[in-house]
Structure formats: C-alpha cells, structure tokens
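Asker: Encoded as structure tokens, here's the structure I'll be asking about.
The values are calculated or read from the model by the stated rules, or taken from the named source; none is laboratory data. These numbers were taken from a predicted model, which means no experiment stands behind them. FYI the Cβ positions are ideal-geometry reconstructions off the backbone, even for glycines, and counts take in every protein chain you see.
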Amino acid sequence: MKKLLFLFLLVSNIVNAQSYDDVLKKYPNFNGVVLVANKGKIAYKKAAGLSNIQEKIDLKTNSIFRICSITKTFTAAIILQLLQENKLSLDDKIGKYLPNYHGEAKDKVNIHQLLTYSSGIKNLDQNTEEMYALKLPIDSILIRYCSGNLVTEPGNQFDYKNAEYIILGKIIETIENKPFATVLQARILDKTGMMNSGMLSNAKVINSLANSYLFDSKTLTYSNDDPYWIENFYASGAMYSTVEDLLIFDQALFNNMLLNKQTLEIMLKPNPHLWNVAYGFWVTENEYLGKKYWCADRQGSISGSNATWLHLIKENNTVIIFGNSDAVNLNDLRTELVEISLKKN
C-alpha cells in the first residue's frame, strides 16, 4: 500500500511539473525565471533562456534581475511600518518632512495621495531621456522632476508615475535619518533573510545579474538594452532580487512578519475611484477557471527588464516571473501558470 501511495505521488508530481513545462514551451522567446508557490512552498521553479546573449550564458533559477517598480511595494511597506510605529500619519503633508520642497504640492499633498499616485503633480516621466540618461543626485531629481505644478486636485485622479515614490523615499530618509538603502536593508532585507536583494547602481557590480535586452518582433532579433542610470529610479524602481527572495518577502508580508494584521489590511485596501490601486499593489478580483479570486498584483518594467508578481490573498498562492527581455507578455504567461496552480490545488 505504501509503495502504491509513493508511486501515485511521484506520478502526480511529474504530471504537474510537465504541465508547467508545457506552458513554458508555448513561449519559446521567454528569457527569465518563473516561480509558483502554494502557501509559501515552491511548487515549480524554472529558468529559460540566456542571462548573457553575447556570451551564451544560461539563466539559472537563482539569477538576479532588476525588479523595476516592484521596488515600490518595498517602499510602501516601509512607510506602513513607520505608520505602525506612529512615526507618521497618512494625512501628513509633504512639507512636514521635506521643508525645503519647493513644489506646489508641499502643503497640499499627503502621504496617502503619494502612495496611490493621486498627488496631482504634473507627470514628467515622459522626459526619460533626460531624467534617466543623465546621472543626477536624487535631490536634483526631486526638484526637477517631482516638484511640478499641480495639474489636478490631489486625491481625485490616478496618474501612474515614479515621482510620488521618489518623494516617499526622501520622506523615509528624513524620518529615519539614514539613506534609503540602509533603511531597506535593516527593516526588510536583513529581517527576512533576503540575501540576494538590494539597491542597484551602475557602479555596483552584482554577481549573477542578468543583462537586459530589447526584442524586435519583425526581425526576431535581440539588441542591447537602452543605456540609463538605474539609481535615478531610487525608491520607485532601483532594486534587484531573485524569484526566491521575492517569495520570502511575499510570505513575510502576507503572514504579518513585517506588518501587523491591521496595517496589512490598510495596505491592501483598494481605491475603486483610482483604478483599484492600494498601497504598493493593485488589489482586484481576477477571474480564473470561471471563479473570482482577490489578488494583490504588482508589476515592473524598465526597457528590457520586466517583472510580474501576483498573490492570491485568501489562497496564499503566488506566481513570480522575472524576465530580462521584452519578447514575451509576462502577464499572459502568468495567467496560465496561475490556472495550473489552481487546478493542482
């Protein structure tokens, strides 16, 4: 009987692994790493493609990637830790912490509005050539690109941009009197044991960091990623990580290791009039296999670097995909992996 049970479990695991593999085969241009976890336990993890196309170096499951705007979820988590410790209020205005801030938002925009991209500050992200192609101190970026005039009433309109989270990073530095990277390391990375995550800079050598590439769908060829200064993205998009490290963060967050239950509920409360954005996530009801699931969704993209992270809140199922090219729509791949995970369970 025990032998039969063992064989049944073995065959079941092989079938499930083949199902995930079959999905990846449908995306032959995928360059990256996928991870599927059920209640924090890894059900599937696989790398596909190349870390360095020129040298034909394969990606590995522990390869490091630029995680782009997933950085914003870490920034939001730190802000909420400070809220939990009564070091700030969500109603506090920018000027309380940044008295030298010169923008119109200084005494009009609060932390809640920064977290939900509803500050009303003019969106200057389109000036990417200037904003990210020149090496600039963060204080200069704050003045030149995050202090524009208000174009809408604060709190009324969603307008996704990096400016709000750059401001939040500076607020964190002011409250903690430490660089953002130091605060991130102490409050999250060291606390959770995320050994392969941190803040990027062009000068910093990160072992196993995947190169990023742009894909031409007409010629089916890759080119090197556009040059930019990753550190200019700061608290809005300058982190690196691995899929396993992000799963550690995922479980620490949703199992109240970093935030208590009440504060996590604040983080995950969607704002329907602002495209269901929450703090560091979008929280929506997604339909899979004919059934609806409440999901926390976070994505990131900078040129050829792309990442997507989905957590089914009640089920505690997680799908993480990091890619180092723009050849594949990661959300299409993610949907198929989520549905296989749900079938398995």
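Asker: Can you work out which of the residues in the range 277-306 that are in contact with a helix residue (DSSP H, G or I) (Cβ under 8 Å, 6 or more places away or on another chain) and outside any strand (DSSP E or B) is nearest to Glu336 (Cα to Cα)?
Answerer: Among those residues, the one meeting the criterion is Leu289.
Asker: Here's a follow-up. In contact with a helix residue (DSSP H, G or I) (Cβ under 9 Å, 6 or more places away or on another chain), at pLDDT 95 or above and aliphatic (A, V, I, L, M), is that true of Ala327?
Answerer: Spelling it out, it is not the case that Ala327 is in contact with a helix residue (DSSP H, G or I) (Cβ under 9 Å, 6 or more places away or on another chain), at pLDDT 95 or above and aliphatic (A, V, I, L, M).
Asker: Filtering the range 194-238 down to residues that are of a type in the set (Phe, Trp, Tyr) and in a loop (DSSP other than H, G, I, E, B), which residue is nearest to Ser303 (Cα to Cα)?
Answerer: Per the stated criteria, the residue is Tyr228.
Asker: State all residues of the range 265-321 that are closer than 13 Å to Asp250 by Cβ, hydroxyl-bearing (Ser, Thr, Tyr) and in contact with a His (Cβ under 9 Å, 6 or more places away or on another chain); if no residue qualifies, say none.
Answerer: Of everything in the range 265-321, just one residue is closer than 13 Å to Asp250 by Cβ, hydroxyl-bearing (Ser, Thr, Tyr) and in contact with a His (Cβ under 9 Å, 6 or more places away or on another chain), namely Thr318.
Asker: Across the range 299-323, what is the total count of residues that are closer than 20 Å to Ser212 by Cα, touching a residue at least 60 places away in the same chain (Cβ under 8 Å) and touching a strand residue (DSSP E or B) at 6+ places or on another chain (Cβ under 6 Å)?
Answerer: 13
Asker: Residues Ser119, Ser147: which one is free of Cβ contacts under 8 Å to residues at least 60 places away in the same chain and buried (at least 23 other Cβ atoms within 10 Å of the Cβ)?
Answerer: Only one candidate qualifies: Ser119.
Asker: Another one. May I ask you to verify whether Ser63 is buried (at least 18 other Cβ atoms within 10 Å of the Cβ), in contact with a helix residue (DSSP H, G or I) (Cβ under 6 Å, 6 or more places away or on another chain) and farther than 18 Å from Asn232 by Cβ?
Answerer: no
Asker: Only residues that are under 30 Å from Ser223 (Cα atoms) and surrounded by fewer than 18 Cβ atoms within 10 Å (Cβ to Cβ): list them for the range 300-334, please.
Answerer: Ser301, Asn329, Asn331, Asp332, listed by residue number.
Asker: Filter the range 25-44 for residues that are in contact with a helix residue (DSSP H, G or I) (Cβ under 8 Å, 6 or more places away or on another chain) and farther than 17 Å from Asn345 by Cβ; which is surrounded by the most Cβ atoms within 10 Å (Cβ to Cβ)?
Answerer: Across the range 25-44, the extreme among qualifying residues is Gly32.
Asker: Find the residue count for the range 55-97, including only residues that are of a type outside the set (A, V, I, L, M), touching a residue at least 40 places away in the same chain (Cβ under 8 Å) and more than 19 Å from Val243 (Cα to Cα).
Answerer: Qualifying residue count for the region: 4.
Asker: Kindly provide the set of residues from the range 239-253 that are in contact (Cβ under 8 Å) with a residue 60 or more places away in the chain, in a helix (DSSP H, G or I) and not hydrophobic (A, V, I, L, M, F, W, C), ordered by number.
Answerer: Result: Glu244, Asp250, Gln251.
Asker: Every residue in the range 78-103 that is surrounded by 17 or more Cβ atoms within 10 Å (Cβ to Cβ) and at pLDDT below 95, please.
Answerer: Within the range 78-103, just Gly103 meets the criteria.
Asker: Then there is this: Take Ala235 and tell me if it is modelled with pLDDT of 95 or more and farther than 30 Å from Asn52 by Cα.
Answerer: no
Asker: Out of Glu336, Glu265, Glu285, I need the residue that is closer than 22 Å to Asn31 by Cα and more than 15 Å from the chain's Cα centre (by Cα). Which one?
Answerer: Exactly one of Glu336, Glu265, Glu285 is closer than 22 Å to Asn31 by Cα and more than 15 Å from the chain's Cα centre (by Cα), namely Glu336.
Asker: If you don't mind, there's one more thing I want to ask. Suppose the filter is modelled with pLDDT of 95 or more, within 19 Å of the chain's Cα centre (by Cα) and crowded, with 19+ Cβ neighbours inside 10 Å; does Thr75 pass it?
Answerer: Yes, satisfied.
Asker: Here's another thing I want to ask about it. Could you check, for the range 254-268, whether at least one of its residues is of a type in the set (Phe, Trp, Tyr), in contact (Cβ under 8 Å) with a residue 12 or more places away in the chain and under 26 Å from Asn324 (Cα atoms)?
Answerer: No, there is no match, as no residue in the range 254-268 is of a type in the set (Phe, Trp, Tyr), in contact (Cβ under 8 Å) with a residue 12 or more places away in the chain and under 26 Å from Asn324 (Cα atoms).
Asker: Looking at Val183, Val205, which is the one that is at pLDDT 95 or above and crowded, with 18+ Cβ neighbours inside 10 Å?
Answerer: Val183
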